[in-house]
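Before any comments, here is the structure.
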Amino acid sequence: MKKLIPLAIIALLFLSCDKQKTKDSLLIDDEFIIENKVDSLLAKMTLKEKVGQMLNIGLPSILKGDYWDERDSAVFDEKKFQKFIVDYAVGSIHNTPQYLAGSEEWYEIVKKIQDASLKNTRLGIPVLYGIDNIHGANYIKGSVLFPHQIALAATWNRELSESNGEITSYESRAASLPWNFNPNIDVAINPLWGRISESFGEDPYLISEMGVAYLKGSQGESLKNIESSAVCLKHFIGYGAGRNGKDRANAIIPENSLRQYFIPPFKKAIDQGAMGVMISSNAVNGIPCHINKHYITDILKGELGFKGVVISDFSDVEFLIEAHEVTMSKREATKMAVNAGLDMLMNPYDIDVVDYIVEMVENNEISMTRIDDAVTRILNLKFQLNLFNKPYNNPKDFPDFGSEKHIVANYNSAAEAITLLKNNQTVLPLEKGKKILVTGYAANSMNLLNGAWSRTFLGQDTKYNDPSKLTILKAIEKEVGAKNVTYVEGTNYTEDINTSKAVSQAKNADYIVVCIGELPATEKPSDINELDLPKAQQELVKKLAIYKKPIILVMVQGRPRIIREIEPLADGILMGYYPGQEGGRTISDVLFGHINPSGKLPYTYPKYSGNSVTYYHKKADIRDANWGYEGFYTQFEFGHGLSYTSFEYSKFGIEQDTLTGDEDLKILVSIKNIANREGKDVVQLYLKDLVASVAPDSKRLIRFEKINLQPNETKTIEFKIKSADLEFIGVDNAWTVEEGKFELQIGGNPKELLKKQFYYKQ
């Protein structure tokens with residue numbers, strides 16, 4: 001009888017509403033309806049059916065052949081298919097068929113799975129298909145490959161992040177893939193970490209703003225929209241802080257640092273309605289994140305109020321045995337993870353965890369309450385995505401898939417990402433009609449531009465590259481004519497190929513464009529033992545410098561590889577990151593001035609491998625050998641990025657010199673384009689607490705805005721801050737703000753910030 005009451009209320013609400021009903025009201029109604037449907041379905045489910053929903057398998061588990069076999073078609077193994085999809089009614093699937101499928105092929109794959117789930121299982125619950133569409137719908141043939149997240153972060157443009165999320169979602173749903181294991185909102189504080197390219201960098205505020213924008217674009221106003229995808233935030237928590245920089249390495253993070261830097265991006269995304277969270281594969285303070293009940297249940301589900309699905313990373317229950325060594329039994333590992341708060345286990349190969357969990361519930365080792373909580377979250381997401389009514393989409397309903405409109409959006413993202421780090425004597429833009437030597441590992445490779453997660457996991461297979469897309473070399477040749485360009489490979493990633501030939505050709509060149517880079521990789525294959533750029537690539541630059549010709553370094557890499565010895569030899573330096581399919585075009589267009597660069601570094605670029613700290617370091621971190629405080633040895637600072645335009649900051653003012661209680665403090669600054677061409681700049685506002693009971697950060701980003709200015713145009717930017725912006729994690733591990741002096745720093749260049757102080761009074 002209790003179940004009839006909400007339905008009656010809903011019916012009355014619908015009868016009483018008119019056409020002017022608000023979106024908020026509709027949202028409330030949807031929540032009532034979905035909650036009722038979830039409760040009703042849950043009451044009908046057997047224990048085995050419930051636990052089946054908690055399993056996420058890899059697609060190859062139900063295809064013919066071994067899991068990691070290379071394939072050119074997806075042929076289902078009917079026996080495996082029956083077992084996983086029908087007998088156990090698994091709740092979720094991930095991964096690809098181990099080849100590049102188009103949207104039509106994906107449609108057929110997903111349709112067969114969903115039809116069986118809906119028609120051949122007792123309760124007809126659809127499968128939730130998730131996939132790592134990291135920089136665009138990268139596992140779907142013909143989709144656009146956007147810049148990686150670190151490049152997107154370099155744009156400092158929320159609108160572009162939202163657009164990337166929206167288009168990625170659209171092209172994913174064209175293939176009936178409704179759940180994206182993205183965005184990555186890890187705080188990347190160790191520059192050795194190989195997955196920096198997949199992150200938004202080192203700053204919690206920039207990560208939060210860009211991550212929320214991506215989420216808004218992906219999830220839209222409603223997940224029922226066939227073009228919207230649910231996001232799954234990665235990775236909770238501390239993945240980017242591994243102490244040795246290796247993939248899945250243990251991180252040492254005190255509770256106050258965890259709350260100050262690592263939790264805020266997740267909180268902001270959860271507050272904006274994120275529907276999934278993936279747990280980090282590493283351990284923090286020796287405790288694997290997958291069994292850390294304090295993190296998953298107390299903080300994530302409790303303090304942060306997360307109502308969505310918490311999923312493990314790939315095979316991480318087994319990782320508890322093999323790497324973390326917290327148990328020798330998969331059964332025990334499963335119990336530990338589920339009791340810690342995990343809702344869905346990404347167990348790609350087999351079904352055994354379902355049997356384990358059923359047995360453990362029957363033995364009172366796992367509570368039915370814990371199971372019901374997990375299944376409620378999973379079913380809720382499936383209803384939110386309207387999978388019961390529309391479990392797959394016809395690709396023909398997505399006419400903009402891979403369209404020119406999406407290509408233009410991709411180009412614009414890459415264009416704003418490219419970061420001009422150095423431009424001595426305005427060597428850039430390059431003059432046309434000159435002879436150009438193009439050399440280096442990254443010069444003629446689409447794979448380096450695309451990076452990992454590009455058609456294949458590591459992005460190193462060339463057979464899936466789009467021949468219509470231009471490498472850096474081909475884009476330069478198209479710009480100035482092949483007759484004006486000499487190409488010599490020079491090196492591969494680590495070894496000399498024909499450096500001597502490149503040097504011999506340099507004598508006849510007017511410009512030397514050296515494209516350096518790192519191997520496309522992710523996870524364990526991305527591990528490195530030193531941050532220095534491989535010696536062969538550095539030697540290429542050193543030998544080319546003998547002719548004293550202008551050298552322009554183009555860096556195609558996710559991490560900030562050390563270039564201390566070769567930086568002085570370069571007149572111009574461009575950071576390309578992993579710019580995606582349109583990267584060759586955009587880099588060339590920056591080199592020749594068709595694009596005015598506007599990217600800003602989303603991380604600190606260190607000068608030495610052994611001296612790498614974030615820009616928000618503590619003062620004591622940079623005390624040097626002479627007992628001074630000059631030890632912040634950067635090659636380029638966080639937020640650095642030049643333009644072909646000059647900007648003048650002036651009239652920096654604050655409304656009052658004292659901020660009291662919860663009132664607003666208004667901040668104004670004027671920016672003028674004092675050059676003769678249009679340009680964009682990022683207005684960066686930092687805060688420094690001058691004295692605090694916990695050693696304050698050197699400064700921290702609290703606001704930013706990207707603006708466009710015509711020649712001689714002036715704009716006045718207004719920011720407002722509150723006492724909440726002054727807070728830090730105190731000695732009691734809680735947010736607090738103390739009376740005292742604060743300093744505001746504002747500008748477009750970290751070395752040229754205007755400063756003003758104010759006093760905070762409670």
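The values are calculated or read from the model by the stated rules, or taken from the named source; none is laboratory data. Quick caveat, the model's predicted, so the values are computed rather than measured. Counting neighbours? That spans all protein chains shown, and the Cβs are built from the backbone with ideal geometry, glycine included.
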Every listed condition ((1) at pLDDT below 95; (2) under 25 Å from residue 735 (Cβ atoms)) holds for residue 189 save (1)
Give me the pairs, please: first residue somewhere in the stretch 284-299 and within 17 Å of residue 333 (Cα to Cα), second residue anywhere and assigned to a helix (DSSP H, G or I) and of a type in the set (D, E, K, R), beta-carbon distance under 8 Å, and either six or more positions apart or on two chains.
-> 290/316
The stretch 731-754, residues that are within 20 Å of residue 659 (Cα to Cα) and touching a residue at least 40 places away in the same chain (Cβ under 8 Å) | 735, 738, 740, 741, 742, 743, 744, 745, 746, 754
Determine whether the stretch 536-543 contains at least one residue that is surrounded by fewer than 18 Cβ atoms within 10 Å (Cβ to Cβ) and either in contact with a Lys or Arg (Cβ under 8 Å, 6 or more places away or on another chain) or not assigned by TED's automatic domain parsing to the domain that holds residue 434 (or both).
-> no
State which residue pairs qualify: first residue among the polar types (S, T, N, Q) and inside the stretch 29-57, second residue in a helix (DSSP H, G or I) in any location, beta carbons under 6 Å apart, and separation of 6 or more residues or different chains.
-> 36/6; 53/375; 53/378
Specify the residue that is surrounded by the most Cβ atoms within 10 Å (Cβ to Cβ); the eligible residues are those in the stretch 72-82 that are closer than 15 Å to residue 101 by Cβ and in contact with a helix residue (DSSP H, G or I) (Cβ under 8 Å, 6 or more places away or on another chain).
-> 74
At least 3 residues that are out of contact with any Lys or Arg (no Cβ under 6 Å at 6 or more places or on another chain) and within 25 Å of residue 150 (Cβ to Cβ) in each: list the strands (runs of 3 or more DSSP E) lying fully within the stretch 414-504 that qualify.
-> 419-423
Is it the case that some residue within the stretch 644-667 is charged (D, E, K, R), under 30 Å from residue 445 (Cα atoms) and touching a residue at least 24 places away in the same chain (Cβ under 8 Å)?
-> no
Among the residues of the stretch 547-560, is there at least one that is at pLDDT 95 or above, touching a Pro at 6+ places or on another chain (Cβ under 7 Å) and not basic (Lys, Arg)?
-> yes
Please indicate, with yes or no, whether at least one residue in the stretch 599-614 is more than 24 Å from residue 534 (Cα to Cα) and not in a loop (DSSP other than H, G, I, E, B).
-> no
Could you please let me know if residue 637 is out of contact with any Asp or Glu (no Cβ under 8 Å at 6 or more places or on another chain) and closer than 26 Å to residue 721 by Cα?
-> yes
Counting just the residues of the stretch 695-729 that are closer than 23 Å to residue 158 by Cα and β-branched (Val, Ile, Thr), which one comes out surrounded by the most Cβ atoms within 10 Å (Cβ to Cβ)?
-> 721
Is it true that residue 221 is farther than 18 Å from residue 612 by Cα, in a loop (DSSP other than H, G, I, E, B), in contact (Cβ under 8 Å) with a residue 24 or more places away in the chain and acidic (Asp, Glu)?
-> yes
Does the stretch 536-543 contain at least one residue that is of a type in the set (S, T, N, Q) and free of Cβ contacts under 8 Å to residues at least 24 places away in the same chain?
-> no
Residue 229 being buried (at least 24 other Cβ atoms within 10 Å of the Cβ) and in the same structural domain as residue 154 (by TED's automatic domain parsing) | yes
Can residue 320 be described as assigned to a loop (DSSP other than H, G, I, E, B) and either outside the structural domain of residue 66 (by TED's automatic domain parsing) or within 26 Å of the chain's Cα centre (by Cα) (or both)?
-> no
